[in-house]
Structure formats: structure tokens, C-alpha cells
Amino acid sequence: MQATHGSFVPPPRAGRSPAAASVVDELSAAFDAPRKSADVPTDDASRRLTELLPATGAILGGFALVDGAAALMAKGAVELTPDSFRPVCPASDGFYNFGKGLGDSLLGAEGAEYRPLVIEALLRLRLEVCVLESFVYEAIIPFIERKGVGWILPFRETIDTVIAGTVFAVAINFILFGTTKILAVLSIYHDFLIGAPLRLIGYAVFPEPRQPEPAPFIQINWPGQEASVPEAQQPQEEEEEREPPVLPLAVFGGICKGYGIFAEVVKNVLEGLDTFVGRYLAFTSVAYVGFKWAHFRLFNDFFGI
């Protein structure tokens, strides 16, 4: 853009957005009108043009920034919005498809009227599990790949590590509070329907030797009552040695026993996680955030690093 003695020369239209072109045309007409009028001296028009040049440059610069941002968006930079966000949840989708197929096979043609209710329940479960799965795969893993894990409890805090820890600690409360309850309930049903029967089969094939009960730490013998002998000190009857099962039965029993024990361990772990999240996660998060900010503000140079 150049000004030569009261005239306004607009920049070429190439590369300008429609809004920028409209503003430039209006400014050009406004600047040329006083010059063409016989009542307004040429020097006055030049003075007005000179006063308006900074504002004109700012407006055109703003349109240039908008055009540049639009060009970046067109090249593949997508802004996350509730409409554009599509979480990827392969495990949740697999669980939904498995439950849907199982429900259809159990209901059959006679229970078709209950199919919408089953689908609705499965969709709710899929949504809850997808919240955690999407947060792990699309937020936690990419962030750790970029930043590492040094922001969790570094020797020297920076504003970046403090903000990262604060956001993560607050977000994890909302993500885990409902999801762990769903996972715990699913693990209980899984252990009850699959794990417990498999454990019964496994222990029937490979019975465990009976373990004696340990002696009590404190034992009271009332007057006139015979002192009880701990079971561990009582003579043990020798158990008859059983012949090992045949190979196919042994393999089958080992698989059943192993998966049954695995299902019980998973149930106990998820129940413990749900108990921790429901009772202590909020307090732990507040303590963690408070410690990071205190470290950053008060004793950031304590370690001398």
C-alpha cells in the first residue's frame, strides 16, 4: 500500500479474502472522495489519509492473520470441538460388539422386544469405558511421549511442570471417578460367572493341600478349660498320594485354574482401585497440587540444582 499525494492505491486482490477486499474497496472510495471534491483542498485530503494509514494497516494486518490461520486450518490443523472430537476406543467397541452379539443370541426372536434395552445398557457401558480408554490413548500417552515423565516430581519446578501436574491431577479425578466403578462391577460379574466356575474345576483337578490355621497371637485359657492345642502343632494325618491326571485333563485343569486365579486377582485389584479413587484420590490430588506449587514458590532452590 502506497500513498502518493492524496491518492490511495489498494493492494492487489490476489491472496485477499472477500472481507479484506470489501474493506479495502470501501477505504479506497472514502479516500478518493475528498480528493475528487472541489470543496476540499488536496492538502487536507492528504492529511486525512496520513492520519488513517496506521488504522488501515492494522485492519489489513488483522485480515492477513485471519487468512493465514485459515490457510493453516485448510492444511490439516483441526480445532478440537465437541462436534469434531471423535474418540477412538477399540477395546470399548469390542466389548460392545461382544455384548451385543451375546445378547442377541440369548434373547433370540422371542426376546426381540427387549433388545433396545440391552443395546441402551451396552452403549452406556461402552461410553463409560471409552472415557478412560480415550483419555489414556489420546491424552496421556501423547503427552508423555512429548514431555516425558520428568514433570511429575522434578527436583526443580518450572511453570510448565506445575501446570502440567495440576491439569493432570484435576482431570484424573473426573476421568477415574465413574470409570473405576464400572470396571469393578464388570470384574465382579466376570469373576462370578467365569472365574469362580473355572477355579472349581481347576482345584478339582489339582487340589491344594490343606493349610493349618496359624496359632493366635494372644490366647486366653479360662480356669477349668483345657488349653487348646494349635492346629499347627497337632499331629497331621498323612494324605494319600494321588496319581497325576492324564495329560489332556492336566492341561485343561491347569488352564481353568490359572484363568480362575487371574480373574480373582483382577477383581481384587479393580475393587481396590475403585476404593482408593472413591475415598482418597481427591485428597491425594489436592496434596499433590499443593506440594508442587509450594515447591515452585517456596523451596525451588532447596536442592541446589
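The values are calculated or read from the model by the stated rules, or taken from the named source; none is laboratory data. Just so we're clear, the structure is a prediction, and the values are computed from it rather than from any experiment. Methodologically, a virtual Cβ is constructed for each residue, glycine included, from the backbone with ideal geometry; neighbour enumeration extends over all protein chains shown.
For the range 226-240, state whether one or more residues are out of contact with any His (no Cβ under 7 Å at 6 or more places or on another chain), of a type in the set (Ser, Thr, Tyr) and at pLDDT below 70. Talk me through it step by step, then tell me what you get.
Here is the first cut: in the range 226-240, the ones out of contact with any His (no Cβ under 7 Å at 6 or more places or on another chain) are 226-240.
From what is left, the residues that are of a type in the set (Ser, Thr, Tyr) are 228.
Adding the requirement that they be at pLDDT below 70 leaves 228.
Looking through the range 226-240, at least one residue is out of contact with any His (no Cβ under 7 Å at 6 or more places or on another chain), of a type in the set (Ser, Thr, Tyr) and at pLDDT below 70.
Go through the range 85-132 residue by residue and tally those that are among the hydrophobic types (A, V, I, L, M, F, W, C), in contact with a helix residue (DSSP H, G or I) (Cβ under 8 Å, 6 or more places away or on another chain) and not in a helix (DSSP H, G or I).
So the count comes out to 2.
Could you look through the range 145-170, keep only residues that are touching a residue at least 60 places away in the same chain (Cβ under 8 Å) and crowded, with 17+ Cβ neighbours inside 10 Å, and pick out the one that is nearest to residue 284 (Cα to Cα)?
Only one residue tops the list, namely 169.
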